[in-house]
Every structure is written in C-alpha cells, then in structure tokens.
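J.: Sharing a structure, written as structure tokens. Questions coming.
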Amino acid sequence: MAGARVTLTNGDQPPTHDILSGEDGQFSFANIASGPFKVTVTMAGFATQTYSATLRPGEFYIVPQIALAVATEVTEVRVGLPPVELAEQQIKEQEKQRVLGVFPNFYVSYVPDAVPLTPKQKYELAWKSTVDPVTFAVTGAIAGIEQAQNQFSGYGQGAQGYGKRYGAAFADTVTGTFLGGAVLPALMKQDPRYFYKGTGSTRSRILYAIANSVICKGDNGHWQLNYSGILGGLASGGISNLYYPAQDRGAGLVFENEGIGIGATAASNLIQEFIIPKLTPNLPNHQTAKP
C-alpha cells in the first residue's frame, strides 16, 4: 500500500527514521546502525503492524512482506470550538491580564500554540488596549514628567504646554498601537503578540526574549522578521513629525527613536519572560508547545 508511515527504531532508542511507503508499497532505510531494530507500520483505518529483527554489521536486510489488516474499530471524535471562536476566547483571557491587577498586559499570550487572530480581532485588541482607563492615566503621568523636565520645550509650560504634551503622548500610543498592532499585522498576516516561553534554560529564554524584538509569529505559525512592528514604529514616528515641536522632528530622529524602541522592546520582553508572570494574578495555565 502506498502512503503507509514506516518508522524504524534501533534497540531501545527513540524512533530514528520515518518515511512513507512508495507507490508499490516498498520502503528502504540506509545507513542503519547494526543491532536490534523494529519496524512499525501505521496507516489510517488499518491496525498497526510491527516487525523486529537484528541487523548484523555490513548486512543488507530484506524485511518480509508486512500485510496491513483493516482495524476492527476506528473511532475519531473531534470536539472543539471553531478557530475564530477559540481565538476570541483566548483574547478574553488576555484581556484579564493586568500587572499587579492594574496595568493592562493584553499583548502577551501564555498559550504557545494560540490560534492566529483574524484582522477584526487584531483591531479589537488594539482598540481595547488604547481606550483602557489605565492607558489614559499613564499617558497623563508621562506628560507630567515631560513637563517637569521641560522636554519638548517648544510646547511651553502651564496648562497649555501640558495639554500639548498629553496630546502628543496619546497620539504616539494610538498610532503605535494601531499601526504596529493592527493595521500592518492584518495586512502582512503577522501576530502582534509576545508568546511567553517560560521553559528551557535561562540562556535560551533570554535569547528568545531578545530575538522577539525583531521577529514574530506569522499567522501561518512560522517565525519571521517582524515587518509589521518595525514598519509600524517607523510610520508612527513619521506621523509624529506633524505635531512635535520643530526642533524635535526629522527623519534622523525617526530612525534613532525606532532603534531605541527595538532596544526597549527587547528589555520589555525580558521583563515579560522573567518578572511579569510573578506580578500578574489569574494567568492561564502555561502549556509547553509540542515540537
């Protein structure tokens, strides 16, 4: 039979070779270590068959014909939500994630194999993150610090200066969140979330967190360069030239700020990986992704 899965195991070792039988039902393995071996043949709708023997050094071994028998009973039951509904459910869990029970942390997934978001869900997540009351409060604090340190001095002081700083800071949040977290991820089919690793050595987790400042998961589940995040940051910086004081504008500043932003994202990812979970109540149970 063509298309049967044939797995070869050497002794007590894990399966080392795995192929599909050809059109005539034949298969072959090369460069096999001598010693005991077992061949396992599986195919949907048929009972699993095995064959064991011992291979001597330099021997060319021909396995006798293996006949597949129809399984006496085949039952397959799949129970679960449609992908869109499952993604919506996972988003609802993310929206409960608040550091210290206060600060929103919606763009982190503790489910490593989370369902990709639809374009609509990416926009919804960006909207909820932007209009969260804590976002307005944090923006106000940032504007206050900028005024106290007289940053963006072109805005002046007083209530008017504070209002301009608040408006600029909130505009940065809106453009950065929507361009880098919704518009471009929807167009480029990329996932804007950080996927918590939580397992492996400390070194591997550090490298993972840093790498995620420039890579992301695609909607196809594969890792790729984070075009949407990087371009979103550059686009947001370009838009900010419309409302920042003249001395705080320019293409050079846009690229400089994007470089700083990537570094800040790497630092933020490290905090997400090692500190934030300890400060966030009611996290979903983290499960290691299957290889």
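J.: How do Met43, Met1 rank when sorted from fewest to most other Cβ atoms within 10 Å of their own Cβ?
T.: On the way: Met43 18, Met1 13.
Ascending number of Cβ neighbours within 10 Å: Met1, Met43.
J.: Which lysines, on any chain, are close to Lys128 with Cα under 28 Å apart, when same-chain ones fewer than 8 places away are left out?
T.: In chain and number order, the partners are Lys92, Lys96, Lys120, Lys164, Lys189, Lys197, Lys217, Lys278.
J.: Find out how many positive minus negative residues lie around Gln272, taking Lys and Arg as positive, Asp and Glu as negative, among other residues whose Cβ is under 14 Å from that of Gln272.
T.: +4
J.: Can you give the FRET efficiency for His17 and Glu95, using 1/(1 + (r/R0)^6), R0 = 51 Å, r = Cβ-Cβ distance, to the nearest 0.05?
T.: 0.65
J.: For the stretch 1-79, what does the convex hull of the Cα positions come to per residue, in cubic angstrom? Please report the intermediate quantities before stating the final value.
T.: Details: hull volume 9.0 nm³, N = 79.
Taking only Cα atoms, the stretch 1-79 has a hull volume of 114 Å³ per residue.
J.: Can you give me the P(r) profile for the chain? Cα pairs, bins 10 angstrom wide beginning at 0, each as a whole percent.
T.: Calculated P(r), rounded to whole percents: 5, 20, 23, 17, 14, 9, 6, 4, 1, 0.
J.: Quick check for you: which residues of the stretch 1-26 have the amide N under 14 Å from the point 7 Å beyond the Cα of Val63 toward its beta carbon?
T.: Residues 1-11, 15-22, 25-26 fall inside that zone.
J.: Arranged by the count of other C-beta atoms within 10 angstrom, fewest first, what order do Tyr227, Tyr61 take?
T.: Values: Tyr227 16, Tyr61 12.
Starting with the residue having the fewest Cβ neighbours, the order is Tyr61, Tyr227.
J.: Rounded to the nearest 500, what is the 222 nm mean residue ellipticity of the chain from helices alone, with -39500 (n - 2.57) per DSSP H run of 4+ residues and division by all residues?
T.: Rounded to the nearest 500, it is -13000 deg cm²/dmol.
J.: Could you order the peptides 120-128, 253-261 from most to least packed, using the average number of other C-beta atoms within 10 Å per residue?
T.: Working: 120-128: 18.2, 253-261: 15.3.
Output ranking for 120-128, 253-261: 120-128, 253-261.
J.: Take each complete run of DSSP H in the chain, measure how far its Cα atoms stretch along the helix's own axis, and keep only those covering 18 Å or more with mean Kyte-Doolittle hydropathy at least 0.0; list them.
T.: Long hydrophobic helices here: 133-148, 227-240, 251-274.
J.: Give me His222, His17 sorted ascending by neighbouring Cβ count inside 10 Å, so fewest comes first.
T.: Ranking His222, His17 by Cβ neighbours within 10 Å, fewest first, gives His222, His17.
J.: Testing the spin-label approximation: label points 7 Å from Cα along Cα→Cβ at Val134 and Gln157. State their distance in nm.
T.: Roughly 3.4 nm, to one decimal.
J.: Between Glu85 and Thr42, what FRET efficiency follows from the Cβ-Cβ distance if R0 is 25 Å, with the result rounded to 0.05?
T.: Calculated transfer efficiency: 0.20.
J.: Now a separate question. Packing-wise, with mean Cβ within 10 Å as the measure, how do 7-13, 151-157 rank, highest first?
T.: Order by mean packing, descending: 151-157, 7-13.
Any read-out appearing in this document is the output of simple, stated calculations on the displayed coordinates, not a laboratory observation. Keep in mind the model is a prediction, meaning the values are calculated, not measured. Positions of Cβ are backbone-derived with ideal geometry, glycine not excepted, and every protein chain shown enters the neighbour counts.
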